[in-house]
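Visitor: Supplied in C-alpha cells, the structure appears directly below.
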Amino acid sequence: MQAFDAAAFGTFRAAGVADAAYYKGPGSTDEVPCTVLLDEAVEQFTPDDVAPVATDIIRVTLQLAEITPRSGAVVRIDGTGRQLKLVQKIRGDESTAVWEVANV
C-alpha cells in the first residue's frame, strides 16, 4: 500500500495537486522532506450532536513512508513557506495519516 501511495503522491505532485514540504517534529530543528495533500475549508461535523454544526478546518494528508507525524509538529510548504501545525489526527491507515492543522 505504501508503494502505491508513494506513486500516487508523486503523480499528484507532478500535476500540482500535492505539495513538496518539510516536516519538523515537536522540539526538533531538523526538517525532513515530505509530500503533502493540503485541503482547505473542509467542513467538519460533530458526530454526536442532535443538530450538527459544520466548522471549517484545514487538513493535510501525509505519507507514513516519509515521516512519522506527531501532534505539535510543523509542516512547511516548500513553494509558499506556509507553516502548519499538526493539531489532531483525524484518521489514518498503514500508509497515510490525515491531520487537522492550524496556521502557525
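Visitor: Test Thr61 against the stated conditions and say whether it is over 15 Å from Glu100 (Cα atoms), of a type in the set (Ser, Thr, Tyr), surrounded by 11 or more Cβ atoms within 10 Å (Cβ to Cβ) and under 17 Å from the mean Cα position of the chain (by Cα).
Guide: For Thr61, the condition - over 15 Å from Glu100 (Cα atoms), of a type in the set (Ser, Thr, Tyr), surrounded by 11 or more Cβ atoms within 10 Å (Cβ to Cβ) and under 17 Å from the mean Cα position of the chain (by Cα) - is not met.
Visitor: Taking Ser71 as meeting all but one of (1) in contact (Cβ under 8 Å) with a residue 24 or more places away in the chain; (2) surrounded by 15 or more Cβ atoms within 10 Å (Cβ to Cβ); (3) closer than 21 Å to Ala102 by Cβ; (4) touching a strand residue (DSSP E or B) at 6+ places or on another chain (Cβ under 6 Å), write down the number of the exception.
Guide: Going through the list (1) in contact (Cβ under 8 Å) with a residue 24 or more places away in the chain; (2) surrounded by 15 or more Cβ atoms within 10 Å (Cβ to Cβ); (3) closer than 21 Å to Ala102 by Cβ; (4) touching a strand residue (DSSP E or B) at 6+ places or on another chain (Cβ under 6 Å), Ser71 breaks only (2).
Visitor: Within the range 30-40, work out how many residues are part of a strand (DSSP E or B), surrounded by fewer than 16 Cβ atoms within 10 Å (Cβ to Cβ) and at pLDDT 95 or above.
Guide: Adding up the residues that qualify gives 2.
Visitor: Right, here's the next one. Restricting attention to the range 84-92, does a residue exist that is open to solvent by less than 30 Å² (accessible area, probe 1.4 Å), within 10 Å of Val36 (Cβ to Cβ), assigned to a strand (DSSP E or B) and in contact with a Pro (Cβ under 7 Å, 6 or more places away or on another chain)?
Guide: Scanning the range 84-92 turns up no residue that is open to solvent by less than 30 Å² (accessible area, probe 1.4 Å), within 10 Å of Val36 (Cβ to Cβ), assigned to a strand (DSSP E or B) and in contact with a Pro (Cβ under 7 Å, 6 or more places away or on another chain).
Visitor: Residues to consider are Thr80, Thr96, Thr61, Thr68; find the one that is hydroxyl-bearing (Ser, Thr, Tyr) and under 10 Å from Val36 (Cβ atoms). Spell out the reasoning first.
Guide: Details: Thr80 fails: under 10 Å from Val36 (Cβ atoms); Thr96 fails: under 10 Å from Val36 (Cβ atoms); Thr68 fails: under 10 Å from Val36 (Cβ atoms).
Going through Thr80, Thr96, Thr61, Thr68 in turn, just one is hydroxyl-bearing (Ser, Thr, Tyr) and under 10 Å from Val36 (Cβ atoms): Thr61.
Visitor: Working only within the range 41-82, note down all residues that are assigned to a strand (DSSP E or B) and over 29 Å from Phe4 (Cβ atoms).
Guide: The answer is Phe45, Ala54, Thr55, Asp56.
Visitor: Between a residue in the range 4-30 that is closer than 18 Å to Arg59 by Cβ and any residue that is part of a loop (DSSP other than H, G, I, E, B) and open to solvent by less than 20 Å² (accessible area, probe 1.4 Å), which pairs come within a Cβ distance under 6 Å, given they are 6 or more apart or on different chains?
Guide: As it stands, the answer is Asp5/Ser95; Phe9/Ala18; Phe12/Ala18; Tyr23/Ile67, since those pairs meet every condition given.
The values are calculated or read from the model by the stated rules, or taken from the named source; none is laboratory data. Quick caveat: nothing in here was measured; it's all calculated off a predicted structure. Using ideal geometry, Cβ is built from the backbone for each residue, glycine included, and neighbour counts are taken over all protein chains shown. Quick note on the areas: whole protein, heavy atoms, side chains included, nothing else; ligands and nucleic acids left out. Shrake-Rupley method; radii C 1.70, N 1.55, O 1.52, S 1.80 Å.
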